[in-house]
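The values are calculated or read from the model by the stated rules, or taken from the named source; none is laboratory data. Here the structure is a predicted model, which means the values were calculated and not measured. Positions of Cβ are generated from backbone atoms using ideal geometry, with glycine treated the same way; all protein chains shown enter the neighbour counts. Note: areas computed on protein heavy atoms with side chains; ligands, DNA, RNA excluded. Shrake-Rupley method; radii C 1.70, N 1.55, O 1.52, S 1.80 Å.
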2 protein chains.
Amino acid sequence: MSETTLPSAALLQRFQAVAEETRFEIVRRLSGGERCVCELQSDLDAAQSRLSFHLKKLKDAGVVSDRRDGRWVYYALVPGALEEMRAFLGEVKPEETWRAPRVSGDCCS
Amino acid sequence: MSETTLPSAALLQRFQAVAEETRFEIVRRLSGGERCVCELQSDLDAAQSRLSFHLKKLKDAGVVSDRRDGRWVYYALVPGALEEMRAFLGEVKPEETWRAPRVSGDCCS
DNA sequence: CCAACATATCAACGTTCGTTGATCGACGGA
DNA sequence: TCCGTCGATCAACGAACGTTGATATGTTGG
């Protein structure tokens with residue numbers, strides 16, 4: 001196994017970051033380019049402190065980055081962050097070529 | 001947009017299902033083929049009712065299916081379930097070809 | 001330097017979520 | 001049919017999480 005892979009805990013943190021409705025929507029809105037906070041605020045009709053809270057979660061998880069430009073702060077998706085989640089999902093395969101059926105009678109100890 | 005896509009709420013539910021440590025591990029263990037509950041139980045060193053709780057979450061989200069065989073119940077990944085999550089992540093692009101910088105001064109209303 | 005604005009942080013609160021132990025239902029073997 | 005086993009369900013509990021309103025920090029323009 002060549003390790004370009006994210007540590008498991010960090011990967012889980014990314015899934016947790018995305019798996020919340022508000023943040024899910026933020027990620028959607030960030031698709032295609034950066035947005036400033038106030039823009040997201042009106043788009044999502046979310047209170048300022050609420051948005052700030054969620055953006056921090058996404059940032060801590062490495063999903064987004066922020067950039068200050070004067071009075072405003074712009075958030076953007078971190079290139080590759082979502083790709084690493086995709087990679088995990090891609091490695092998990094529903095079926096194997098073949099899996100021997102359990103020998104009768106002794107599943108558990 | 002051709003709609004082979006999962007409704008947004010269902011997709012979010014899948015992310016929520018996977019974004020928890022125990023369930024994250026269950027999904028990992030199910031990679032490559034089905035496993036019976038007691039197998040997972042000893043693998044993950046989890047109490048029986050705890051495991052049952054998490055397997056239900058995964059099942060409700062459409063991530064896994066269950067199959068009874070005599071005394072045992074086997075859980076397996078639903079083919080395509082994780083692919084739909086991958087598809088979402090693939091659609092979300094960090095950068096657009098070009099995004100006009102905001103005209104000076106009037107970000108918010 | 002002060003006022004107005006954009007954003008972050010904090011404390012308090014309620015809700016949701018995962019854990020545990022107990023009980024129940026289903027199945028198979030003796 | 002009775003007993004032992006596998007698994008699901010339930011109620012009670014505590015912990016983690018998201019929301020809100022208030023306050024703090026940083027920036028621009030007058």
- [ ] Can you tell me the FRET efficiency between A:T5 and A:D45 if r is taken as the Cβ-Cβ distance and R0 is 45 Å, rounded to the nearest 0.05?
- [x] 0.75
- [ ] Select from the range B:8-34 all residues whose loss of accessible area on going from the chain by itself to the full protein assembly reaches 30 Å² or more (probe 1.4 Å).
- [x] B:S8, B:L12, B:F15, B:A19, B:F24, B:R28, B:S31, B:G32
Open item on the list: Tell me the carbon and sulfur percent of the accessible area for the range A:8-91, rounded to whole percent, probe radius 1.4 Å.
Closed with: 45
Open item on the list: Label position 7 Å from Cα toward Cβ: report the copy-to-copy distances for B:R28 in nm, one decimal, ordered from shortest.
Closed with: 3.1
Task: Kirkwood-type radius of the range A:8-91, with distances r between different C-alpha atoms, in Å - done: 13.0
TODO: State, in square angstrom and to the nearest 100, the accessible area buried between chains A and B, both chains counted, probe radius 1.4 Å.
DONE: 3800
TODO: Could you quickly flag the chain B residue whose beta carbon comes closest to the rotation axis taking B to A, and that distance in whole angstrom?
DONE: B:A19, 2
TODO: Per residue of the range A:37-42, in order, report the coupling 6.51 cos²θ - 1.76 cosθ + 1.60 (Karplus, θ = phi - 60°) as ³J(HN,Hα) in whole Hz, putting x for Gly and Pro.
DONE: 4, 5, 4, 4, 4, 6
Task: Label distances, nm, B:Q48 versus same residue in remaining copies, Cβ-directed 7 Å point - done: 5.5
Open item on the list: Just to confirm, what accessible area per residue do you get for the range B:8-89 at 1.4 Å probe, in whole Å²?
Closed with: 46
- [ ] Kindly give the distances from B:S65 to its copy-mates, label point to label point, with each label point 7 Å from Cα along Cα→Cβ, as nm values to one decimal ordered shortest first.
- [x] 4.3
Task: Sparse-neighbourhood loop sites, trypsin sites (Lys or Arg not before Pro) in the range A:2-101 - DSSP loop, at most 11 other Cβ within 10 angstrom - done: A:R71
TODO: Treating cross-link reach as a plain straight distance, find the lysines whose alpha-carbon is under 28 Å from the alpha-carbon of B:K59, omitting any fewer than eight places away in the same chain.
DONE: A:K57, A:K93
